[in-house]
Amino acid sequence: MKKIIAPVVILLFLIINNCSCNREGITGSPFDPFGDYVFEEPPVTGNTFYIDPVNGSAGGDGSYERPWRTLQEVVENNLIECYQPSENYNPSSPLKIVNEGAPVKGGDRLVLRSGYHGYFKRSVFVFKDWLTIAAEEGHTPVLCQFRIEGAFEKIYLKNLTFLKESYQGDEEYWKAEVLNRNNNSCVVLTSSSFWGAGSQVKLNGLTVKTAQDVSGWDTTVWQERAASGISLRSVKNAEIVNCYIENIRFGINIEYHSDYSYAVNNIINNYSGDGARLISDNVLFAYNTITNCYKVDGNHDDAIQSYSRGVDNSAGTGVLKNVVIRGNLIIGTPDRNNPLAGNPQGIGCFDGMFDNWIVENNVVVTDHYHGITFSGMRNGLIFNNTVIDQIPGNDTSPWIHVNPHKNGTPSENCIVANNIVSSSVSVNALNSEQTNNFIFGKNNHDQIYHYFTDPDDYDFHLLSNDSTTKYMIDKGRILEGIISVKIDKDQTGRSPVPDLGAYEAH
């Protein structure tokens, strides 16, 4: 592929063909529980309150004319009525009221105006009707962290900015005890054995960053300062949509039984660990962009990684079920002049078992062997993916492989079909099939210019010419089902990251 100079801040926008993903002739496909997923914004059934760091006051009443000052003050002044389980260590115990009679209740909306709102830290925050916390239209409210470690339910965050370096305290954000000395992500949602379990959270249109500018960071600074983006731990029914996550360690973590979670139409840019970790059952990860991996330590970087955990919590000793990875765009590091440019594994799932997984219509562009690799897959479908070598001419070129589990347990009942791959396709699995896959071969990289519209600009629309026609006739390829992706560098549909201005971080 020709040399590509990326802009200082790459903002990627997916334009994906509305293809039907034709599976005609492919039998034994796993059940897709997410085919009809549509994000639904929860209703506001109660009152609206306003919070304004510039013109508000702790003595206000939350009205439009007399707003409160910061979200942190509203929480710490106990102005929100919520619920918690009545018995510790028993999340199913009857709920009891916390801050009874407080003005803000479930069903209400908190509207945040521009300025620094501090940090949000709670251990119980359960509502019977949805509480909405949203930016006022045209405003950019900023928090340094949002963290709940305990029991919570029915919380909706919309169009907020979480910037770790915006922390205002007596020490640097990565040393601050109140932020767990940077061991936590910018947005942390986790259940606890003491306070109870979390569920039903919607995150929509968030901007999540460690810092605004990491262009001067070396490996030492990355290791010291980079926080992760959004982390779920044992949280059920979470939705992460339309978020922009940048300059972080790990992007989106869906871990430890965060089942029935959805991450759709997000951008993860500039990461130094893994773009996403999917370590839960019944997960949809779709139409996300993951790009710009920074190599700063010995971590085996993956754009998307998964591994199972058993009863003893050891990797590779359990089973992960019903996961769909669909329509994602993965580009290793477009700017090869970056001295910290990484070469991440694309979709790396090495410690199964992975049961009833669908991996389809993804584009993976990387300089690594593992374009899409599963070690221990059952009842799986890998279909209509495009896996392309980012740096041709060296020994590494990405493949699609299905292998036995590392402990020797065979993979079985898998179909790998209709994929376009630079290196190879290998299915070492019982009762399985590989069909209609097209392999360029790592010594034939220039063929991509015969098949795709503009590979140098990551435009993988298939051309209509003699090459694709001949391939369709000779190989029986269902070309209409292949994903088509084009990066639009000018129309991202996203607001710029705010300038801290008067509330510059310490």
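The values are calculated or read from the model by the stated rules, or taken from the named source; none is laboratory data. Quick caveat: nothing in here was measured; it's all calculated off a predicted structure. Virtual Cβ from ideal backbone geometry, glycine too; neighbours counted across all protein chains shown.
Going through (1) at pLDDT 50 or above; (2) more than 25 Å from the chain's Cα centre (by Cα) one by one, H461 falls short only on (2). For the range 404-412, does any single residue satisfy the condition of being assigned to a loop (DSSP other than H, G, I, E, B), under 22 Å from R336 (Cα atoms) and over 27 Å from the mean Cα position of the chain (by Cα)? Within the range 404-412 (the criterion being assigned to a loop (DSSP other than H, G, I, E, B), under 22 Å from R336 (Cα atoms) and over 27 Å from the mean Cα position of the chain (by Cα)), the answer is no, since none of the residues qualifies.
I need the full set of residues from the range 179-198 which are crowded, with 17+ Cβ neighbours inside 10 Å and closer than 30 Å to S93 by Cβ, in order please.
Looking only at the range 179-198, we keep the residues that are crowded, with 17+ Cβ neighbours inside 10 Å, and these are 179, 182, 184-192, 195-198.
Passing the criteria: N184, S185, V187, V188, L189, T190, S191, S192, W195, G196, A197, G198.
Does V221 count as part of a helix (DSSP H, G or I), under 21 Å from Q72 (Cβ atoms) and β-branched (V, I, T)? Considered against the rule, which asks whether it is part of a helix (DSSP H, G or I), under 21 Å from Q72 (Cβ atoms) and β-branched (V, I, T), V221 comes out as no. One residue stands out in the range 103-142 among those that are among the β-branched types (V, I, T) and over 19 Å from N55 (Cα atoms): the one that is surrounded by the fewest Cβ atoms within 10 Å (Cβ to Cβ), namely V124. Do you know which residues across the range 230-251 are touching a Cys at 6+ places or on another chain (Cβ under 8 Å) and either over 18 Å from I155 (Cα atoms) or surrounded by fewer than 24 Cβ atoms within 10 Å (Cβ to Cβ) (or both)? Passing the criteria: only I248.
Only one of the listed residues (T161, T210) is without any contact (Cβ under 8 Å) to a residue 60 or more places away in the chain, assigned by TED's automatic domain parsing to the domain that holds N266 and of a type in the set (S, T, Y). That residue is T210. Taken over the range 417-450, the residue count meeting the criterion of being touching a strand residue (DSSP E or B) at 6+ places or on another chain (Cβ under 8 Å), modelled with pLDDT under 85 and farther than 17 Å from T366 by Cβ is 0. Residues in the range 75-102 that are touching a Leu at 6+ places or on another chain (Cβ under 6 Å) and either exposed (fewer than 14 other Cβ atoms within 10 Å of the Cβ) or farther than 16 Å from G198 by Cα (or both): A102 alone. Among the residues of the range 99-148, those that are small (G, A, S), outside any loop (DSSP other than H, G, I, E, B) and in contact with a strand residue (DSSP E or B) (Cβ under 6 Å, 6 or more places away or on another chain) comprise S123, A134, A135.
Residue count for the range 59-74 under the criterion of being surrounded by fewer than 20 Cβ atoms within 10 Å (Cβ to Cβ), touching a strand residue (DSSP E or B) at 6+ places or on another chain (Cβ under 7 Å) and not hydroxyl-bearing (S, T, Y): the result is 2.
Looking only at the range 199-223, residues that are hydroxyl-bearing (S, T, Y) and crowded, with 21+ Cβ neighbours inside 10 Å come to 3 in all. Being under 30 Å from S314 (Cβ atoms) and among the small types (G, A, S) is a property that does not hold for S424.
Selection of first residues in the range 421-446 that are part of a helix (DSSP H, G or I) and of second residues that are of a type in the set (D, E, K, R) and buried (at least 19 other Cβ atoms within 10 Å of the Cβ), restricted to Cβ pairs under 9 Å at least 6 apart or on distinct chains, gives the following pairs, ordered by first then second residue: H445/D389. S63 fulfils the conditions (1) under 28 Å from the mean Cα position of the chain (by Cα); (2) modelled with pLDDT of 95 or more; (3) outside any strand (DSSP E or B) except for a single criterion, (1). For the range 366-383, the condition holds for at least one residue, the condition being that it is basic (K, R) and outside any loop (DSSP other than H, G, I, E, B). Looking across V54, V74, V104, V126, one residue alone is of a type in the set (V, I, T), modelled with pLDDT of 95 or more and under 25 Å from the mean Cα position of the chain (by Cα). It is V126.
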